[in-house]
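Notes follow once the structure below has been shown.
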């Protein structure tokens, strides 16, 4: 049996035979450093963009839930203020689960109305031709028997209303009178106010470098506040 | 001062590049893998140079160990072959010169590759770079107790692996005339 000392000596000899400490490493140090600097900048930009997108979504939901600011009142300037969500009404908490939920099938242009308790498909809803189901967003309206869908069909994202009836087994999809997003803009998330009158859309553009939250009235499609929050990721 | 940082990084690369490459070779057992890992480790060090510059040798080695560990985890299922394969037989012509010693060292290196990366890193730092327990602990960012236990376990496993390996034998091929 080898002693520790013998084994260490043999290891040392084997290591020195395998690798030479004086070997040359042929790398372009200056190029690597510049590449590393770019990597660091990209990492910082990605983190900032994620933080801003999350803040924008929180702020959008907060705006939708609390309604427009009083005349003369200051808009919430601190993200901390925006992050304080309004408590859920007691009635809604008592109501338990929503009656239905809707998801878009990513492999085909079909939305599925499902039962929350079982996950069973109640009715498949064909979506308009040419839409990309992977880029769709869904938000429930009011009591959960209607849903707003943001559907992307190159080059624009349009908004639709899905009404359910007959225990979720009948569904009707209609176009909403809301201005479609401009080409190059994508809906990252959507939310509808409890009264079903306002729609908040987290809009991403510029390849993810720019994001805004747009709040629109569902009745007219106009923007109630010109004070859209423009958030730039640098 | 970006220009100063770049010069500092270039100086570090020129000074430590060879040792980092050797360290990576002994961790991975493969020159191409080692060169890839060293490039990646230097890139990561450069991208966090404001932190890495405090002790760049340790930082780059710690990154190397992490990268080697990721690679080892991804590949170990494909490396289940016995480490002594092809190293247990000598031709009679080779038996007289130093070939047996070379094969013995090759078997030891192959046995090292069966060890977890952290244990291998400790062995390389201790017995290739001749670092003390304290220096090794500082480089790897662990305690001296961890270094000692890794060393002890690694040597025990190596000893066991070598004890179980077949003895080196001189093989007389049928069509080869005896010396």
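Read-outs throughout are calculated quantities, based only on the coordinates presented, and are distinct from any laboratory measurement. Remember, predicted model here, so these are calculated numbers, not experimental data. Note that each Cβ is placed from the backbone with ideal geometry, even for glycine, and that neighbours are counted across all protein chains shown.
Here the gap between residue B:101 and residue B:30, fully extended at 0.36 nm per residue and compared with their Cα-Cα distance, gives a gain of 23.5 nm. Label sites at residue B:156 and residue A:43, each approximated as a point 7 angstrom past Cα along Cα to Cβ, lie 3.7 nm apart.
A Förster radius of 22 Å, combined with the Cβ-Cβ distance separating residue A:209 from residue A:154, puts the computed FRET efficiency at roughly 0.60. Ranked by how many other Cβ atoms sit within 10 Å of their own Cβ, fewest first, the residues A:97, B:107, A:135 fall in the order A:97, A:135, B:107.
FRET efficiency for the pair residue B:10 and residue A:121, taken as 1/(1 + (r/R0)^6) with r the Cβ-Cβ distance and R0 = 51 Å, rounds to 0.25.
Counting 0.36 nm for each residue step from residue A:65 to residue A:172 and taking away their Cα separation leaves a gain of 35.9 nm.
Is segment B:1-79 best put as rounded, prolate or oblate by its Cα gyration tensor, with a ≥ b ≥ c the root eigenvalues, rounded for a/c under 1.5, and otherwise prolate when a/b is larger than b/c, oblate when not? It is prolate, given that a/c is not under 1.5 and a/b is the larger ratio. Estimate the FRET efficiency between residue A:182 and residue A:16 by the formula 1/(1 + (r/R0)^6), using the beta-carbon distance for r and 51 Å for R0, to the nearest 0.05. About 0.20, to the nearest 0.05.
Taking 0.36 nm per residue of separation and subtracting the current Cα-Cα distance, fully stretching the chain between residue A:28 and residue A:4 would add 4.5 nm.
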